[in-house]
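First the structure, in the form of structure tokens, and then the observations on it.
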Amino acid sequence: MCGTLIAWFRRRMEIGLVLGSLALAWCCLCSQQAAAAENSAAPTATEDFSSLGHVLPRDPASALNITPRLGTTPLAVQSGARVAGTALKWTLTGSVDAIALTKAVYKPPGTVTLWVKNPRGSPVTLQLLAVAIPGGVSQWPAQDISGCKNWTRLTWQPEDAAPVGQEGQEQLPLRSQPYAFLPVCEWRIVAAKAKGSGPAEIYLDEFCVEPASERRLVVHSIRPAAWQIRAGGIVTAEVELEDAAGATVFDKPRLCLTQSGGRIVAWQYLAAAGPAEGRHNLSVELAVPASAAPGDYELQVTAAAAQVDGPAAKGVTVNVVGPASPPSPPVTQLPKAIADLTGRRTTDWRLSPTRVYFVPACANFDAHGLSPDVALPDGQRCWDGLDEMLNAVVQHDPEGMAVLQVFVGVTPAWLAAHPDDCAKFLPETQDFAASPRLRRLPSFSSAAWRQRAAADLADLVRHVEASPWAGLILGYVICAGDGTWAMPASRGTPLPDYSAAAVSDFRAWLRGKYQTLPDLRTAWGQARHPVLELLKDLPPDEPRPVMAWDDATLPKPERRLTAPTALLEPPMFQDVVDSALFMADQSAAAAAELVRGAKQHTRLPVGILYGGWLADSQDPVRLATGHLALGKLLRSPDVDFLVFQGQVTCVGWLAPFASIQFHHKPWLVQITSTKENPDEEPRDKIALAFAAGAHGVSAPAGSSQMAAVWKAIQEGGICLLYTS
């Protein structure tokens with residue numbers, strides 16, 4: 001009996017072991033199959049959220065704009081993610097929230113993927129947007145993630161993207177058709193909750209943009225209306241092409257005018273009135289730059305991520321002859337009204353009555369994200385974004401002119417390799433400069449930065465002067481820091497600049513101003529000849545007099561912030577006065593040095609965007625960032641003109657008119673206000689600025705401010721000055 005029981009139990013154990021082994025093998029097989037399936041569908045490259053260096057909140061009310069406001073969405077890195085043990089924890093407080101990923105894409109994007117988890121099952125939808133600096137914003141349909149309680153992979157296909165604001169609208173004329181030009185500089189995710197629902201927490205991980213797959217584009221014929229065209233004229237052509245797969249907003253085919261060496265001189269996008277795929281006969285008008293050299297050119301159809309073939313794949317030859325009258329050389333006298341294209345789509349430009357445009361550009365890396373970056377992540381340079389902007393100006397207005405507003409910056413990689421050349425802000429906080437691009441900036445005192453910036457600026461000027469757009473450019477405006485040659489700061493944020501380069505230059509600046517240590521001590525309210533024996537008995541927290549030049553340093557930020565700004569009376573606040581004057585001298589000296597370097601490569605006028613000269617006098621932070629060296633720039637023989645930036649209601653009086661006119665420097669007013677439907681007061685202010693000697697006003701193209709500028713010009717009897 002006992003042996004029977006033992007045999008029965010042994011048999012049961014053997015059966016259990018066999019079943020357990022089978023179950024284990026089945027689980028392993030399923031895991032392998034799932035992993036294989038996941039790996040086969042995995043993106044070619046992933047980006048986890050191990051840091052927030054490339055993520056920033058966006059104001060949801062302005063998320064559809066090309067330059068939206070910064071938001072306050074709570075973001076944090078959270079453990080327990082799919083990769084690297086981290087994910088982005090996104091707390092949705094309002095009905096709509098938005099974030100942005102500052103990941104540039106320089107080639108047409110394919111499938112975009114994002115892993116999402118909504119553990120509470122909150123009623124939330126996610127919408128993807130792509131922002132391309134030259135062209136505007138594209139969006140994909142929103143996806144419901146209410147059921148994504150575990151990690152779920154969302155996908156957005158490129159053919160589903162559409163330009164923002166174009167759904168349901170009538171077809172625009174071909175020359176006004178908006179597209180999402182490359183590069184894409186920012187990806188935005190907009191989250192929306194159902195009305196009445198409570199707070200929600202979602203998690204994001206592994207954001208990836210796959211490259212677009214190559215498609216076949218057949219060009220059957222290209223028939224220009226004339227085989228000889230004039231520089232500055234319009235080419236009218238009929239193009240018959242066949243697109244099997246259909247283009248997306250990122251890879252529309254283009255009709256290009258190409259030189260014999262392969263350089264593209266001008267282009268226009270081709271758009272089908274019906275479905276994108278299939279065979280189409282398209283009419284297109286292509287403006288030829290007035291500075292195009294005479295000779296034979298090719299009219300060719302090109303498309304990104306496409307194999308072009310067919311009878312007319314190699315294009316047709318047309319002959320370009322010189323303009324009817326040779327263009328006159330640019331003059332330093334600037335037009336009376338200038339449209340600012342910063343952050344505007346090309347469809348908005350036609351609303352402007354002016355013929356001169358401020359075009360944003362950068363010589364390396366734009367810390368504010370207002371222009372296409374030139375520096376690529378792999379260390380190479382790409383001028384495609386700038387060329388896209390300038391070509392768009394030509395196609396919009398063949399007889400227009402452009403002023404390049406060039407931001408001079410350096411890449412984050414350069415700043416990481418030169419820590420002593422970075423501006424240091426004190427007191428240190430975690431909130432300063434919420435934009436990742438503004439978290440580190442070069443110091444104006446850095447000789448290494450000025451050398452790098454001068455080389456980058458020279459490369460940009462040489463590229464523009466040798467490009468087909470050379471005859472389009474009226475001049476250059478050099479910008480840095482916050483754009484107006486001040487360190488970006490606002491009330492309540494840390495003060496610049498306590499870097500090693502700035503402290504060293506401050507000591508040299510003091511030595512040049514005071515010559516001797518006794519004179520420095522007297523100016524700063526210290527004993528002219530301190531008794532060394534008495535210094536030993538001073539309390540530890542008692543300030544010591546400056547006994548050597550290396551002892552002199554910038555005032556503590558608390559002292560600079562609490563000093564009265566209306567009147568800084570020496571000697572009580574002479575150290576604070578000296579620090580403010582030093583910061584202003586450093587930025588002005590750097591600006592003049594870079595202008596001098598740029599003028600070695602161009603004969604065009606070069607100016608400076610130099611911010612609110614008097615508007616900052618009531619703000620201790622803005623006052624300390626430097627805008628007090630106007631005289632240095634007015635006396636500089638290299639600075640041809642200046643641009644004053646201010647709100648529309650103060651452009652008429654917050655500028656030192658007499659000083660500018662005394663030095664015979666042309667100056668412009670750049671309006672920064674976004675006020676809509678201005679009343680008579682802004683027009684009066686603008687007219688006052690003109691009456692005081694302003695040579696032009698820059699305002700956003702198509703804006704109500706531009707309309708006010710135009711009305712003030714018409715009512716004031718001021719004639720627009722164009723340069724042909």
Going residue by residue through the range 586-598, is there one that turns out to be in contact with a helix residue (DSSP H, G or I) (Cβ under 7 Å, 6 or more places away or on another chain), surrounded by 20 or more Cβ atoms within 10 Å (Cβ to Cβ) and modelled with pLDDT under 90? no
Restricting attention to the range 403-422, which residues are open to solvent by 60 Å² or more (accessible area, probe 1.4 Å) and in contact (Cβ under 8 Å) with a residue 40 or more places away in the chain? Pro412, Asp420
Residue among Ala448, Ala470 that alone is aliphatic (A, V, I, L, M) and in contact (Cβ under 8 Å) with a residue 40 or more places away in the chain: Ala470
Residue hits (the range 375-422; farther than 24 Å from Gly607 by Cβ and in a loop (DSSP other than H, G, I, E, B)) are Leu376, Pro377, Asp378, Gly379, Gln380, Cys382, Pro398, Thr411, His418
How many residues are assigned to a strand (DSSP E or B) and surrounded by fewer than 17 Cβ atoms within 10 Å (Cβ to Cβ) if we restrict to the range 55-70? 1
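In the range 286-321, what count of residues is obtained for those that are surrounded by 12 or more Cβ atoms within 10 Å (Cβ to Cβ) and closer than 20 Å to His220 by Cβ?
Number of matching residues: 18.
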Here are the criteria: (1) at positive phi; (2) open to solvent by less than 20 Å² (accessible area, probe 1.4 Å). Tell me which single one Gly121 does not satisfy. (2)
So Pro123 fits all but one of (1) modelled with pLDDT under 90; (2) more than 16 Å from Trp187 (Cβ to Cβ); (3) not aromatic (Phe, Trp, Tyr); what number is the exception? (1)
Filter the range 541-557 for residues that are open to solvent by 80 Å² or more (accessible area, probe 1.4 Å) and at pLDDT 85 or above and give the result. Asp550, Asp551, Lys556
Neighbours by Cβ (under 9 Å, 6+ apart or cross-chain): first from the range 89-117, within 13 Å of Pro199 (Cβ to Cβ) and open to solvent by less than 30 Å² (accessible area, probe 1.4 Å); second part of a strand (DSSP E or B) and among the small types (Gly, Ala, Ser): Trp90/Ala76; Trp90/Ala191; Trp90/Ala200; Leu92/Ala191; Leu92/Ala192; Leu92/Ala200; Asp97/Ala191; Asp97/Ala192
Would you call Lys314 of a type outside the set (Phe, Trp, Tyr), over 32 Å from the mean Cα position of the chain (by Cα) and assigned to a loop (DSSP other than H, G, I, E, B)? yes
Scope the range 124-150; condition hydroxyl-bearing (Ser, Thr, Tyr) and open to solvent by less than 30 Å² (accessible area, probe 1.4 Å); matching residues: Ser138
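So if I check each of Leu609, Leu642, Leu633, which one is modelled with pLDDT of 70 or more and touching a Cys at 6+ places or on another chain (Cβ under 9 Å)?
After applying the criteria, what remains is Leu609.
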I need every pair where a residue in the range 678-702 that is of a type in the set (Val, Ile, Thr) and at pLDDT 65 or above has its Cβ under 9 Å from the Cβ of a residue that is in a loop (DSSP other than H, G, I, E, B) and open to solvent by 30 Å² or more (accessible area, probe 1.4 Å), sequence separation at least 6 or different chains. Val697/Lys336
In the range 443-474, how many are part of a helix (DSSP H, G or I) and either within 22 Å of the chain's Cα centre (by Cα) or surrounded by fewer than 23 Cβ atoms within 10 Å (Cβ to Cβ) (or both)? 21
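Could you tell me which residue of the range 339-358 is modelled with the highest pLDDT, considering only residues that are of a type in the set (Val, Ile, Thr) and crowded, with 24+ Cβ neighbours inside 10 Å?
Here the answer is Val356.
The values are calculated or read from the model by the stated rules, or taken from the named source; none is laboratory data. Because the structure is predicted, anything quoted here is derived from the model rather than measured. Neighbour counts run over all protein chains shown; Cβ positions are idealised from the backbone, glycine included. Each accessible area value is taken on the protein alone, full model and side chains, heavy atoms only, with ligands, DNA and RNA left out. Shrake-Rupley method; radii C 1.70, N 1.55, O 1.52, S 1.80 Å.
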